[in-house]
Structures are given as C-alpha cells and as structure tokens.
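What follows is a short report on a single structure.
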Amino acid sequence: MIEAQQEAFDGLIGTYRELNNRVRPLREERLRLDSAEGKSVRDVVQRMRDDELRFSQALKERLTGVPMPEIFGDDAPVLGTESEDDSTVVLLSQFGTARESTLAMLRGVEGDDWTTAIEGGTTIAARIEALLANDRKRVEQINGLLGAP
C-alpha cells in the first residue's frame with residue numbers, strides 16, 4: 001500500500017474514532033439540542049451517515065464499472081434502513097458500518113487504480129480526499145455545537 005493510501009485509511013478510520021470518542025458518550029437529549037442555526041449534533045451525524053452511505057454505494061458501483069456520481073448533495077439516500085427516529089448512537093453505528101464497507105472496498109484498490117482518472121476525470125484518491133474534507137467540515141460543525149472538549 002502506498003503512503004497516500006495509508007494516510008487516507010488513517011484519516012477515514014480517525015474520523016469514526018473521533019466521533020465515537022466525542023459523541024457516543026453524550027446523552028441523546030444533549031445531541032438533539034438545536035443551535036442558533038437550527039442544527040443539532042444529531043443532524044450533523046445524520047448527514048455524515050447519509051454522505052457515507054452514498055459514498056460507499058457509489059464506490060461499489062465505480063469498482064464494478066458503473067460511473068461514480070457526485071455524492072455530496074442534499075438528496076437523502078434511499079437505502080431502506082434509516083429512520084427519522086434513529087438515535088444518534090444508531091446513526092453512528094450505521095455510519096461506522098458504511099465506513100467499514102468503504103474501507104474494505106478500498107483495500108482491494110491497487111496503486112495505479114488509486115491514481116488513474118475515472119469517469120468524469122477524477123481519481124479515487126481525489127474522491128477520498130473530498131470525503132475526508134467533508135469529514136473535517138462535519139467534525140468541525142460538531143465541535144462547534146458541543147464546545148471545547
């Protein structure tokens with residue numbers, strides 16, 4: 001595995017680890033409190049789960065030969081497992097399951113496939129960097145909502 005791939009893996013794993021350490025121990029009531037902008041930690045975690053589910057599905061489609069669509073839009077995934085009543089802990093678990101699926105698929109990607117442009121002229125490495133940037137943005141939102149650790 002090349003160094004860039006290992007850094008990407010470490011970043012993807014680190015996001016889930018950080019969410020588990022920072023969010024999972026908190027009471028659900030705290031995680032559902034809306035900020036002045038009308039967002040809660042639960043809302044942000046739900047968005048991360050949705051983004052990861054879409055990313056994982058798109059990656060699967062890409063690795064099987066189907067074009068990889070843009071994934072960071074506002075459309076909710078239609079996967080049939082999510083519910084508006086899911087607790088934040090359940091959302092974190094669903095995020096973790098989807099993230100593990102992403103990581104498992106990426107383990108099979110060889111060096112050249114990692115850096116070769118695919119449909120739309122984007123590499124898998126660039127897609128992963130976009131996912132990591134999305135992770136950083138969402139974790140910053142969560143930290144802003146929760147305050148200093």
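Below are the figures for this structure:
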read-out	value
Percentage relative contact order, the range 3-146, counting C-alpha pairs under 8 Å, at least six apart	34 percent
Among 29-35, 91-97, the order from most to least packed when residues are scored by Cβ within 10 Å on average	91-97, 29-35
Dipole magnitude of the range 3-146 about its Cα centre (Cβ charges: Lys, Arg +1; Asp, Glu -1), debye to nearest 20	440 debye
Charge context of GLN5, other residues only, Cβ under 11 angstrom, K/R +1, D/E -1	-4
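We did not get these values from a lab; they are worked out from the coordinates using the rules stated. Being a predicted model, the structure only gives us computed values, none of them experimental. Using ideal geometry, Cβ is built from the backbone for each residue, glycine included, and neighbour counts are taken over all protein chains shown.
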